[in-house]
Amino acid sequence: MKFEATEILPQLGDLGDCTSLVVAYSGGLDSTVLLHGLAALRSSGQLQQTLRALHVNHGLNPAADSWQTCCEQTCRQLAVELQCLPATVAGIPGRSLEELAREARYQLFSEQLQSNEYLVMAHHLDDDMENLLLRLTRGSGPAGLAGMPRSRRVGEAVLLRPLLGYQRQSLLQYAELHDLEWIEDDSNVNTEFDRNFWRHDILPLIARRFPGFRESWRKSMMLCSEANQLQQDLAANDLSILTTDDPRVLKVEPLLELSEPRQRNVLRYWMQELGFQPPGWQLMQRLSKEVLVSSKSGACLECPAGSVQRFGNYLVLMQAVSNIRLPTQGLSWGPDTDQVLKLDGNGELSAHFSMTAEPANTRYRVKCELLGFEVRYRQDGERCRLTGRPARTIKKVVQESTLPRWLRSRQPLIYSNGELVCVPGIGVCEGYLAKPDQPGLEFIWQQPDLLYSPD
């Protein structure tokens with residue numbers, strides 16, 4: 001299919017309130033053709049939006065600075081404003097530099113774009129074919145095999161890919177026709193990289209045997225896209241019967257009534273809706289086959305973004321948190337002085353002195369004649385007798401409270417001279433409760449929010 005600049009506009013679709021198009025400009029063939037085509041449309045009056053470009057300099061190639069210079073020269077010739085952004089890419093074990101560089105680019109794009117701007121990228125049909133093969137080798141599902149979306153959100157802006165229907169050969173013909181100059185990245189011919197292997201060794205071989213493979217593969221990608229949409233619709237319907245007052249907490253019993261594939265489908269959707277990166281296939285299998293059916297409270301699946309834990313009849317999406325460590329100092333107090341002790345990874349504990357009790361807190365004030373206090377956590381089998389209640393194990397006392405299950409093991413306990421005197425927020429032990437007309441000390445635990453929250 002022959003490519004002309006005028007064909008970009010209909011591929012952009014309805015630009016709505018967009019006032020500026022921003023080209024992700026690497027200086028390579030594809031982005032140079034896109035930038036030139038948009039600049040031509042602007043010059044002819046067919047493009048009403050302003051036009052500018054962003055170039056990300058990763059500094060990974062020795063020629064990176066000279067590439068930036070070439071981009072600056074081209075943009076001056078086309079009278080297009082160019083902003084060059086330096087990116088720092090640090091190696092992470094198990095992650096490719098290509099993947100890390102991509103993440104760095106999109107992070108910079110997200111930070112630079114405004115809500116009234118559209119980011120325009122030059123991905124074309126052959127990029128989509130290569131991406132499909134890469135996803136197949138990684139075992140992707142319908143969402144991954146659906147191909148690159150023509151549009152999606154990037155931060156506050158919208159990303160558009162108007163060249164997805166065109167082969168690279170068509171873009172090359174356009175560039176040659178208009179005598180364009182572009183950067184040739186020498187790493188693009190290194191077939192040690194998977195994408196280059198597909199591009200140079202495999203796709204030409206397939207094209208010789210099956211000349212129309214691109215259209216056939218596009219049909220398969222569209223079918224995967226439809227299948228993914230159906231899965232999303234089903235997941236949204238399933239999620240509606242599982243939710244609680246907190247979207248990060250699901251009911252387990254109705255979840256277990258679904259088939260395992262539907263369980264994994266709705267759990268994946270739930271995580272994505274909350275901005276939590278779903279785990280891979282193997283971990284999702286463990287989630288449905290082990291954690292969901294576990295009778296052990298706190299059964300957990302650790303994920304890079306946090307964890308998924310079962311507590312009784314609830315499945316909870318939690319952030320990555322450190323284990324509780326006992327405070328190394330006691331909590332002291334003085335008359336007319338409020339004290340606050342920050343608990344390591346467990347919120348904070350405050351002590352409030354009062355001469356007489358307010359009606360609402362008569363059952364939470366500890367006698368003031370005690371000389372000092374320390375904070376501990378439940379170990380195993382300890383018992384207590386709260387004022388006006390029968391003796392119970394501390395575990396049972398906490399279970400009978402309104403404390404969420406995922407906080408029960410983190411309930412702080414107040415001791416004095418080796419004796420338990422108070423379970424903050426739950427009650428004061430027999431013999432240690434201050435009378436309403438006596439001075440007293442109320443301990444209040446400011447609980448940590450352990451549930452997942454996106455950065």
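Throughout, read-outs are computed from the coordinates displayed, never taken from laboratory work. Bear in mind the structure is a predicted one, so any value in this text is a computation, not a measurement. Virtual Cβ from ideal backbone geometry, glycine too; neighbours counted across all protein chains shown.
What percent do you get for the relative contact order of the chain when only Cα pairs under 8 Å and 6+ apart count?
Values: 701 pairs, mean separation 49.5, N = 455.
The normalised contact order for the chain reaches 11 percent.
Can you give the extra length, in nm with one decimal, that the chain gains between Q83 and K435 once fully stretched, where that is 0.36 nm per residue apart less the Cα-Cα distance?
Values: separation 352, 0.36 × 352 = 126.72 nm, distance 7.00 nm.
Stretched fully, the Q83-K435 segment lengthens by 119.7 nm.
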_Cα centroid separation, the range 297-322 to the range 135-167 (Å)_ = 31
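I'd like the FRET efficiency for R209 and E184, computed as 1/(1 + (r/R0)^6) with the beta carbon distance as r and R0 of 25 Å, rounded to 0.05. If you can, show how the numbers build up before the last one.
Numbers: r = 28 Å, r/R0 = 1.13.
Once rounded, the FRET efficiency stands at 0.35.
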*Cα centroids of the range 399-429 and the range 188-262: how far apart, whole angstrom?*
47
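Taking K and R as +1 and D and E as -1, what net charge do the other residues with C-beta under 12 Å from the C-beta of R262 add up to?
Numbers: positive: R264, R268; negative: D238, E257, E260.
Counting the neighbours of R262, the net charge comes to -1.
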*Net length gained if the chain between K289 and R152 were fully extended (0.36 nm per residue, minus Cα distance)*: 46.0 nm
*Helix 260-273 versus the longest principal axis of the chain: what angle, 0 to 90°, nearest 10, using Cα atoms?*
90
*Scattering profile of the range 5-220 at q = 0.09, 0.12 Å⁻¹ [log10 I(q)/I(0), Debye over alpha-carbon scatterers]*: -0.36, -0.67
*Would you mind working out the magnitude of the charge dipole of the chain relative to its Cα centre, with +1 at each Lys and Arg C-beta and -1 at each Asp and Glu C-beta, to the nearest 20 Debye?*
1860
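Sort the following peptides by mean Cβ neighbour count (other Cβ atoms within 10 Å, averaged over residues), highest first: 47-54, 223-230.
Numbers: 47-54: 18.4, 223-230: 14.5.
Ranking, from highest mean packing down: 47-54, 223-230.
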*Reciprocal mean inverse distance between Cα atoms of the range 1-125 - Kirkwood radius, Å*: 15.5
*13 Å tail of the calculated P(r), the range 175-243, as % of Cα pairs*: 78
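For a protection proxy built on the mean count of beta-carbon atoms within 10 angstrom, sort 420-431, 292-303 highest first, please.
On the way: 420-431: 20.2, 292-303: 14.7.
Peptide ranking by packing, descending: 420-431, 292-303.
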*Taking the Cβ of each residue in E442, E72 as the centre, tally the other Cβ atoms inside 10 Å and list the residues starting with the fewest.*
E72, E442
*Mind checking which aspartates and glutamates have their Cα closer than 17 Å to the Cα of K289? Skip sequence neighbours fewer than 8 apart in that chain.*
E253, E257, E260, E302
*So what's the Cα pair-distance distribution over the range 177-312, bin width 10 Å, in %?*
10, 28, 21, 18, 15, 6, 1
*Quick one: angle between helix 97-112 and the longest Cα principal axis of the chain, in degrees between 0 and 90, rounded to 10, please.*
80
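Can you list, largest first and rounded to whole Å, the semi-axes you get for the range 339-446 by taking the square root of 5 times each eigenvalue of its Cα gyration tensor?
On the way: eigenvalues 85, 51, 35 Å².
Those come to 21, 16, 13 Å.
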*Taking a cut-off of 14 Å between Cα atoms, list the aspartates and glutamates near K395, but don't count ones fewer than 8 places away on the same chain.*
D380, E382
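Where does the charge balance sit around Q112 when Lys and Arg score +1, Asp and Glu -1, over other residues with C-beta under 12 Å from its C-beta?
Once all neighbours under 12 Å are counted, the net charge is -1.
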*asked:* As I understand it, the dipole of the range 339-446 uses +1 on the Cβ of Lys and Arg and -1 on the Cβ of Asp and Glu, about the Cα centre. Which of Y415, A434, G381 lies farthest toward its positive end?
replied: G381
*Pop the C-beta distance of Y106 and S409 into the FRET formula with R0 = 45 Å and round what comes out to the nearest 0.05.*
0.70
*asked:* Name the residue from F276, N61, M148 whose Cα lies farthest towards the positive end of the charge dipole of the chain, charges +1 on Cβ of Lys and Arg and -1 on Cβ of Asp and Glu.
replied: F276
*Simple spin-label model, 7 Å along Cα-to-Cβ: E382 to K296 in nm?*
2.4
_Two-site label geometry, Q277 and T6: point separation in nm, points 7 Å out along Cα→Cβ_ = 4.6
*Determine the principal axes of the Cα atoms in the chain, then give the extent along each, sorted from largest to smallest and rounded to whole angstroms.*
93, 49, 41
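Determine the sum of side-chain charges near Q309: Lys and Arg each +1, Asp and Glu each -1, restricted to other residues whose C-beta is under 10 angstrom from that of Q309. The partial results should precede the final answer.
Values: positive: R310, R405; negative: E302.
Result for the local shell: +1.
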_Cut-off 17 Å (backbone N to label point 7 Å along Cα→Cβ of L134), residues of the range 192-207_ = 192-204
*asked:* Straight-line reach only, C-alpha to C-alpha below 16 angstrom: list the aspartates and glutamates that K435 could link to, leaving out same-chain residues fewer than 8 apart.
replied: E358, E369
*Of the peptides 194-201, 387-394, 160-167, how do they stack up when ordered by the mean number of other Cβ atoms within 10 Å, highest first?*
160-167, 194-201, 387-394
_Just to confirm the number: angle between the C-alpha axis of helix 29-43 and the first principal axis of the chain, 0 to 90 degrees, nearest 10?_
80
